[in-house]
Amino acid sequence: EDQVTQSPEALRLQEGESSSLNCSYTVSGLRGLFWYRQDPGKGPEFLFTLYSAGEEKEKERLKATLTKKESFLHITAPKPEDSATYLCAVLGGSYKLIFGSGTRLLVRP
Amino acid sequence: DVKVTQSSRYLVKRTGEKVFLECVQDMDHENMFWYRQDPGLGLRLIYFSYDVKMKEKGDIPEGYSVSREKKERFSLILESASTNQTSMYLCASSLRPYNEQFFGPGTRLTVL
């Protein structure tokens, strides 16, 4: 069964304190891994797509990496506006997105 | 930029009412999806469509139906709303089945 596990569930950082969010997955025939950001009461906002192990994508303070079993979202020198829930999702052979439960990130000034 | 719009941000309905949730995308995407999001349960796929007039059941289709008469529009229908359908409903679209999905702002539905 395809499965996505995100850790930690919640993360509190001081402004400027870099850290990483983890997304572990089991899927038959990975066709893509996706990272989203979701603010309270809003729809998920697309961040990155990763298709193969070793691939990396960067956008401002965020960097996503992918291995055969997990993905990391690295946040460098975060700011309070980076506070949100970060969702990971995988697309397998069924072409249905399987979402993790998310990591709630709070960055304090 | 891809834009996915949903007809209402907030909706309050009575038990037994028929409810229509509308979704429109402006990027000529082939694929459209309806999810619901609940605390502790995450996002769950209700229905999806890979083409006009075509629809497929997702993981939790019971109590819902969909309509896709035009490529840009995908409607979710609650035939007889029940309190356990109180949730955040999210519409999404993608160019191809394996591409990233772009989400709308969501509709917070409360069924009393």
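The values are calculated or read from the model by the stated rules, or taken from the named source; none is laboratory data. Keep in mind that this is a model prediction, so the values were computed, not measured. Ideal geometry is used to build each Cβ from the backbone, glycine not excepted, and the neighbour counts take in all protein chains shown. Surface areas here come from the heavy atoms of the whole protein model, side chains and all, with no ligands, DNA or RNA. Shrake-Rupley method; radii C 1.70, N 1.55, O 1.52, S 1.80 Å.
Below, the figures for the structure above:
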read-out: Partner chain coverage, peptide B:3-10 - average Cβ within 10 angstrom; value: 1
read-out: Accessible surface of the range B:1-58, 1.4 Å probe, proportion on carbon and sulfur as whole %; value: 49 percent
read-out: Cα centroid of the range A:1-59 to Cα centroid of the range B:30-91, whole Å; value: 24 Å
read-out: At least 40 Å² accessible surface lost relative to isolated chain, residues of the range B:33-71 (1.4 Å probe); value: B:L43
read-out: Cβ charges +1 (Lys, Arg) and -1 (Asp, Glu), total dipole of the range B:4-105, debye; value: 240 debye
read-out: Neighbouring partner chain Cβ atoms per residue of B:97-106, average, 10 Å criterion; value: 6
read-out: Largest to smallest accessible area among A:S28, B:S93 [probe 1.4 Å]; value: A:S28, B:S93
read-out: By accessible area with a 1.4 Å probe, ligands and nucleic acids excluded, highest first: order of B:M27, B:M32, B:M54; value: B:M27, B:M54, B:M32
read-out: Phi-based couplings in Hz for the range B:85-100 (Karplus 6.51, -1.76, 1.60; Gly and Pro marked x); value: 9, 5, 5, 9, 10, 10, 9, 9, 9, 8, 5, 10, x, 9, 8, 4
read-out: Assigned charges on the beta-carbon of Lys, Arg, Asp, Glu; the protein assembly as shown dipole about Cα centre (debye); value: 360 debye
read-out: Placed amide H near A:F48: partners under 5 Å, 5+ positions off or other chain; value: A:W35
read-out: For the range A:1-102, the Rg and Dmax computed from alpha carbons only, in angstrom; value: 13.1, 40
read-out: Accessible-area value, B:S8, 1.4 Å probe, nucleic acids and ligands omitted, Å²; value: 30 Å²
read-out: Probe 1.4 Å, accessible area per residue of the protein assembly as shown, Å²; value: 49 Å²
read-out: Dipole in debye (nearest 20) - the range A:3-108, about Cα centre, beta carbon charges: Lys, Arg +1; Asp, Glu -1; value: 240 debye
read-out: Radius, Kirkwood style, for the protein assembly as shown when every pair of distinct Cα atoms is counted (Å); value: 17.9 Å
read-out: Antiparallel bridge percentage (DSSP; both residues within the protein assembly as shown; nearest 5); value: 90 percent
read-out: Chains B and A, summed buried accessible surface - 1.4 Å probe, Å², nearest 100; value: 1500 Å²
read-out: Sparse-neighbour loop sites [chymotrypsin sites (Phe, Trp or Tyr not before Pro); the range A:33-65; at most 14 other C-beta within 10 Å; DSSP]; value: A:Y51
read-out: Sulfur and carbon atoms: percent of accessible area, the range A:3-108 [1.4 Å]; value: 48 percent
read-out: Sorted largest first, extent of the range B:4-105 alpha carbons per principal axis (Å); value: 36, 29, 23
